[in-house]
1. What would the Debye equation give as log₁₀ I(q)/I(0) for the stretch 24-125 at q = 0.20, 0.24 Å⁻¹, counting only Cα atoms as equal point scatterers?
2. Specify the angular offset, from 0 to 90 degrees and rounded to the nearest 10, of the alpha carbon long axis of helix 190-209 from the longest principal axis of the alpha carbons in the chain.
3. Quick check of the Kirkwood formula: for the stretch 153-209, what is the inverse mean of 1/r over all pairs of different Cα atoms, in Å?
4. Along the Cα→Cβ direction, 7 angstrom out, place labels at residue 99 and residue 210. What is the inter-label distance in nm?
5. Mean residue ellipticity at 222 nm from the helices of the chain, using -39,500 (n - 2.57) per DSSP H segment of n ≥ 4 over the full residue count, to the nearest 500 deg cm²/dmol?
6. Please report the projected area of the chain's Cα convex hull averaged over all directions, in nm².
7. Taking only C-alpha pairs under 8 Å that are 6+ residues apart, what is the relative contact order of the chain in percent?
8. Taking only C-alpha pairs under 8 Å that are 6+ residues apart, what is the relative contact order of the stretch 153-209 in percent?
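What follows draws every value from the coordinates through simple rules; no lab data is involved. Everything numeric in this text was worked out from a predicted model, so none of it was measured. Positions of Cβ are generated from backbone atoms using ideal geometry, with glycine treated the same way; all protein chains shown enter the neighbour counts.
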Amino acid sequence: MAKSSVFKTLSQIDVSKMTESKGHGNFKATYLSWVHAWKSVKDHYPDATFEKKIFNDNQDNPLPFMRDTKGNTWVEVSVTIEGIKIPEVFPVLGLAEVNGKKRDMQPLKHPDSFQVNTAHQRCLTKALAYHGLGIHIYAGEDLPMETSNVEDLADYKNKANSFKDKIKDAKTQKALDTIAKDISAAKLPDSLADPVRSAWANKSRQLQAS
């Protein structure tokens, strides 16, 4: 019998009971617990390893993070399984002021050590997703791959939730058709648009059957 690939093996693991919701207000994200994720990987691949990259600042001081030209802070983690090494970078996120309002899960310019450490764990689980573990989370419930701008993502999620509420409250097919035009005009990422389209289709069938 042929040996299953790493991706096939890990992508078939049910991680639904390993996730937790983080964030406040308008932005909440689903994350895979790094403890459970790493245990699942080691159960299948005992020789798996991960590495947190160390950067050097202008004075050649070693640091567990780097900053881009806009001042945003990033971390990098690499995961090696069965000789396959996959690196991933992840922004350090937290509570920050945006347009005069405090919003969670925003890129941070001056994070503390705890926030940097948290970003490393999130980066680790995302690197594991590229190996297959919990990959479905990143297809829609966490950070949609179609956009890396966290502020845009929050706006998209708000629109998607608003459309779902309008669809639920729609009393006629005509009202539903109007909502469909708004959905099309919003140009949501597919990972957010697909659940909205599904809700629209289900509601349309209910109205036609009534």
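1. Ignoring solvent entirely, the Cα scatterers give -1.06, -1.28.
2. That helix lies at roughly 30 degrees to the long axis.
3. 11.2
4. Inter-label distance under the simple model: 3.4 nm.
5. Mean residue ellipticity at 222 nm (helix-derived): -14000 deg cm²/dmol.
6. 16.0
7. Relative contact order, the chain: 19 percent.
8. Once normalised by length, the contact order is 49 percent.
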